[in-house]
Amino acid sequence: MKNRRSFLKTACKPLVLAALSIPVLEACSSEETPNNPIIGSSTNETPTEPLVINIADGLFADLLSIGGWINYTAKNLLLIRISEAEVRAFDNSCPHQGNRDRWSLNGAKFECGYHNNSYSTECSGSLKCYTATLEDTTLTVTF
Ligand code: FES
């Protein structure tokens with residue numbers, strides 16, 4: 001009995017649980033965080049005036065690289081750098097149920113983390129696309 005008590009006091013917790021036939025579960029939450037930076041708090045308002053963004057601003061720095069993207073939730077926008085000359089801007093409302101905050105990029109498609117539906121990064125896809133012009137580091141989105 002003394003040996004058992006001594007063992008329990010000194011052994012690491014998972015080993016003790018395993019020795020007592022209690023399954024040890026790893027933290028494997030399905031609440032994964034999106035793999036992109038979310039900028040700003042979510043809002044239900046879609047801007048009406050053209051939005052001008054300096055992508056050299058640290059918050060938007062991911063857009064300096066081709067393939068970089070952000071979920072700009074403060075303005076309900078998914079932004080993705082397509083080429084040296086092009087950034088595309090989409091409404092970040094998922095066409096399925098309208099969620100805005102769990103996007104990831106999988107190849108050339110945005111994937112919504114709620115039900116794993118994927119949407120093209122082409123303006124001809126299901127996501128609402130806005131006109132976006134890029135001059136140097138100044139991005140203008142027109143709604
Ligand atoms: S809300 Fe986006 S896939 Fe269902």
(request) Would you check if there is a residue in region 62-73 being surrounded by 15 or more Cβ atoms within 10 Å (Cβ to Cβ) and of a type in the set (D, E)? (result) yes
(message) Just the residues that are closer than 27 Å to D136 by Cβ and part of a strand (DSSP E or B), please, taken from region 86-124.
(response) V87, R88, A89, F90, D91, W103, L105, F110
(request) Taking S83 as meeting all but one of (1) polar (S, T, N, Q); (2) more than 16 Å from the ligand (Cβ to nearest atom); (3) in a strand (DSSP E or B), write down the number of the exception. (result) (3)
(message) With the requirement that a residue be more than 8 Å from the ligand (Cβ to nearest atom) and at positive phi, what does region 93-111 give you?
(response) G107
(request) Specify which of the listed residues (L127, L78) is within 16 Å of the ligand (Cβ to nearest atom), surrounded by 15 or more Cβ atoms within 10 Å (Cβ to Cβ) and not in a strand (DSSP E or B). (result) L127
(request) Would you mention how many residues in region 95-107 are within 16 Å of I82 (Cα to Cα) and loosely packed, with under 13 Cβ neighbours inside 10 Å? (result) 2
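Quick note: the coordinates plus some simple rules give every number you see, no bench work behind them. The shown structure was predicted, so the numbers you read here are calculated from the model rather than taken from an experiment. Because the Cβ atoms are built from the backbone with ideal geometry, glycine has one as well, and the counts that use them run over all protein chains shown.
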